[in-house]
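Undergrad: This structure is in structure tokens; I'll ask about it shortly.
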Amino acid sequence: MRQVERRFVQAAGMAQDSAGAVTIAYWLWPASDATTADSERVLALHGLGDHGWVWAEVAESLGDSDGSCRSDRFTVIAPDLRGHGDSSKPEAGYDPLAVIGDLEAVFAQEGWDSAHVVAHSWAAKAAVAWAAQSSGRVRSLTLIDPAFVVQMPIWTGLTFPLLYRTLSFLKLLQPQASEAKLRSLAQGLKQFEGWSELQERVFELGVEEKADGRWASKFALQARDGVFADCLRSSGFSQPWGGDRCCSYLSGD
């Protein structure tokens, strides 16, 4: 098993962040030899409602010692994006520019100037915008189910209340009387199908007891609302991105 560290960084808040500066929590799987000349840096960005630990198996696989992926070559960072996990949950500021500011703070703390970026779901929008505006930051870009990248027609906002109740990855926002009942709910959801050791750990790290004694996801309601609202305002593909860099798209059920 690879070494993993939990770290935090203060990121300057955007003008629309009522909380001002925000704290970003992230996981770091360091290369076994940080001075290796051919060390590769990977930034893994989770999807809406998740948190950084969902990338744990990917980070571990990059540490395999079979000769194809070696832990002395790859350093992996997986943050809890704002509004998720153990990171701050400001009332506003869930647009790509705010997320990019958070990622820049992580890069500054770790001394990174560029990385291979893998982004899932909502995070893909910020990743695409970052690649377009900051030449050289994103060495390669892999997008997984990047549904939130496109701008939604304004009328789709009328469907959001229904989506909030029915989308599987938002179900854990519904408070339950106990951790056991929330766990039972999670075990029936698509994203936890099979209930592997990783899935159980993702669940445990992603939920908390609320002030009223009920249990629910650490994912913030204002983050959910802000992300969906931003999809009505803009597209992630507002600028061209290409040159000698590589972008790939992965989709699945």
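Undergrad: Any residue in segment 220-233 that's part of a loop (DSSP other than H, G, I, E, B): show its pairings with residues that are at pLDDT 95 or above at Cβ separation under 6 Å, as long as the two are six or more apart or on different chains.
TA: Every condition considered, the pairs that remain are A220/G83; A220/K89.
Undergrad: Still on this structure: Taking L143, is it in contact with a strand residue (DSSP E or B) (Cβ under 7 Å, 6 or more places away or on another chain) and either of a type outside the set (S, T, Y) or loosely packed, with under 12 Cβ neighbours inside 10 Å (or both)?
TA: Numbers: in contact with a strand residue (DSSP E or B) (Cβ under 7 Å, 6 or more places away or on another chain): yes; either of a type outside the set (S, T, Y) or loosely packed, with under 12 Cβ neighbours inside 10 Å (or both): yes.
Judged against the criteria, L143 is a match.
Undergrad: Hey, could you check segment 207-233 for residues that are touching a strand residue (DSSP E or B) at 6+ places or on another chain (Cβ under 6 Å) and under 26 Å from M152 (Cβ atoms) and say which is surrounded by the fewest Cβ atoms within 10 Å (Cβ to Cβ)?
TA: Among those that are touching a strand residue (DSSP E or B) at 6+ places or on another chain (Cβ under 6 Å) and under 26 Å from M152 (Cβ atoms), it is K218.
Undergrad: Please tell me if A180 is aliphatic (A, V, I, L, M) and more than 18 Å from the chain's Cα centre (by Cα). If you could, list the steps in order and put the result at the bottom.
TA: Numbers: aliphatic (A, V, I, L, M): yes; more than 18 Å from the chain's Cα centre (by Cα): yes.
Considered against the rule, which asks whether it is aliphatic (A, V, I, L, M) and more than 18 Å from the chain's Cα centre (by Cα), A180 comes out as yes.
Undergrad: When you check A124 against the structure, is it in contact (Cβ under 8 Å) with a residue 24 or more places away in the chain and either surrounded by fewer than 22 Cβ atoms within 10 Å (Cβ to Cβ) or within 21 Å of A223 (Cα to Cα) (or both), yes or no?
TA: Working: in contact (Cβ under 8 Å) with a residue 24 or more places away in the chain: yes; either surrounded by fewer than 22 Cβ atoms within 10 Å (Cβ to Cβ) or within 21 Å of A223 (Cα to Cα) (or both): yes.
Against the criterion (in contact (Cβ under 8 Å) with a residue 24 or more places away in the chain and either surrounded by fewer than 22 Cβ atoms within 10 Å (Cβ to Cβ) or within 21 Å of A223 (Cα to Cα) (or both)), A124 qualifies.
Undergrad: While we're here: Might you let me know whether segment 17-26 holds any residue that is touching an Asp or Glu at 6+ places or on another chain (Cβ under 7 Å), modelled with pLDDT of 95 or more, among the small types (G, A, S) and not in a loop (DSSP other than H, G, I, E, B)?
TA: Yes, segment 17-26 has at least one match.
Undergrad: Which condition does C69 not pass, out of (1) surrounded by fewer than 18 Cβ atoms within 10 Å (Cβ to Cβ); (2) in contact with a strand residue (DSSP E or B) (Cβ under 6 Å, 6 or more places away or on another chain); (3) modelled with pLDDT under 95, if it passes all the others?
TA: Among (1) surrounded by fewer than 18 Cβ atoms within 10 Å (Cβ to Cβ); (2) in contact with a strand residue (DSSP E or B) (Cβ under 6 Å, 6 or more places away or on another chain); (3) modelled with pLDDT under 95, C69 violates only (2).
Undergrad: Further question on the same structure: Determine which member of the set G136, G157 is surrounded by fewer than 20 Cβ atoms within 10 Å (Cβ to Cβ), under 20 Å from G226 (Cβ atoms) and touching a residue at least 12 places away in the same chain (Cβ under 8 Å). Let's see the steps before the verdict.
TA: Working: G136 fails: under 20 Å from G226 (Cβ atoms).
Selected residue: G157, the only one of G136, G157 that is surrounded by fewer than 20 Cβ atoms within 10 Å (Cβ to Cβ), under 20 Å from G226 (Cβ atoms) and touching a residue at least 12 places away in the same chain (Cβ under 8 Å).
Undergrad: Right, next: Within the set of pairs 6 or more residues apart or between chains, which connect a residue that is under 13 Å from Q191 (Cβ atoms) and in contact (Cβ under 8 Å) with a residue 60 or more places away in the chain inside segment 163-177 to a residue that is among the charged types (D, E, K, R) and in a helix (DSSP H, G or I) with Cβ atoms less than 7 Å apart?
TA: Listed pairs, sorted by first residue: L170/R224.
Undergrad: Now a separate question. I'm trying to understand the selection: among the residues of segment 167-211, which are part of a loop (DSSP other than H, G, I, E, B), over 18 Å from L48 (Cα atoms) and touching a helix residue (DSSP H, G or I) at 6+ places or on another chain (Cβ under 6 Å)?
TA: W195 - this is the single residue of segment 167-211 that is part of a loop (DSSP other than H, G, I, E, B), over 18 Å from L48 (Cα atoms) and touching a helix residue (DSSP H, G or I) at 6+ places or on another chain (Cβ under 6 Å).
The values are calculated or read from the model by the stated rules, or taken from the named source; none is laboratory data. All values reported here derive from a predicted model rather than from experimental measurement. Positions of Cβ are backbone-derived with ideal geometry, glycine not excepted, and every protein chain shown enters the neighbour counts.
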